[in-house]
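All remarks here apply to the structure that follows.
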Amino acid sequence: MALTLARWLADCKTDNYGKQTCTYGQKCWEYECVEIPKHCEVVYAGGDECVTKYGKDLECKELKKPECVYEKECEYVDTGKCKEYEYQEKCIEVPTKICLKYNQVQKCEKDRQVCKEYKQERKCEQGKCTKYDAYGGCTAYGQADCKYVDTDKCKVYETVKGKCVYVSGACKEYKKEQKCDNVKKGCKEYEQEEVCKDVKVCWTGKCVEVPKKGSYNARHGK
């Protein structure tokens, strides 16, 4: 005797958006192949659901009471872990080593002592000859020409302030340039994980073969 199995087997596929759809078909076990029920909705807006879903000579027959199974419904949801970050350029001005302006500082020589008045001495020059001898030699001179002249000895000193000039000191203003870096703005794409849950799915009908015209059952109303 062939073994009858009551277990239904779903053939499920997941699309690119993580939505899972399931169909049911025949599964061969160790003892025999068992036809898995093809369920349908009796009221279907697009026509007979058995035809549109399976493309066979089937029709939806209403069940006495709905039959239900649990299907695994999965979707991909974002996790808290970022897969790809979004960046934006952030720029700041930084000084270079090139100086545009220097601080001006006064630089002065040291004060020095200079002589204001030198000591003087009397110097006299011999006067002109007024009388000569028979040989042409001068025997008498006129009055000597005397005057006071400075010596190298200082009599009075004075302080002279050193000369001052302005020279460049420390740098007052450096040339600036922009330095740009890419900084994280936020997460562009998160890593995803598959989250599944069991969803109860019920049907009001079952797909059965359409009775062929002229068959025994059709003639006898069975």
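Details
- Carbon-plus-sulfur accessible fraction, region 147-207 (probe radius 1.4 Å, protein heavy atoms only): 44%.
- When the pairs LYS53/LYS200; LYS110/LYS147; LYS72/LYS184; LYS53/LYS81; LYS97/LYS161; LYS38/LYS197 are compared against a 29 Å limit on Cα-Cα distance, LYS110/LYS147; LYS72/LYS184; LYS53/LYS81; LYS97/LYS161 fall above it.
- Here the accessible area of region 81-125 is 44 percent carbon and sulfur, with a 1.4 angstrom probe and all protein chains present.
- Summing charges over neighbours of GLU86, with a neighbour being any other residue whose Cβ is under 14 Å away from its Cβ, gives +2 when K and R count +1 and D and E count -1.
- Under 5 Å between amide hydrogens, built in the peptide plane, is the criterion, and for VAL42 it picks out THR204, GLY205 among residues at least 5 positions away or on other chains.
- For region 67-115 versus region 147-184, the gap between their alpha-carbon centres in whole angstrom: 39
- Residues whose amide H comes within less than 5 Å of that of VAL210, counting only those at least five positions distant or on another chain, are LEU58, GLU59 (H built at 1.01 Å from N in the peptide plane).
- Net charge in the neighbourhood of GLU189 (other residues with Cβ under 15 Å of its Cβ; Lys, Arg +1, Asp, Glu -1) is 0.
The values are calculated or read from the model by the stated rules, or taken from the named source; none is laboratory data. Not measured: the values here are computed from a predicted model. Reconstructed Cβ throughout: ideal geometry from the backbone, glycine too, with neighbour counts over all protein chains shown. What goes into the accessible areas is simple: the full protein's heavy atoms, side chains included, and nothing from ligands, DNA or RNA. Shrake-Rupley method; radii C 1.70, N 1.55, O 1.52, S 1.80 Å.
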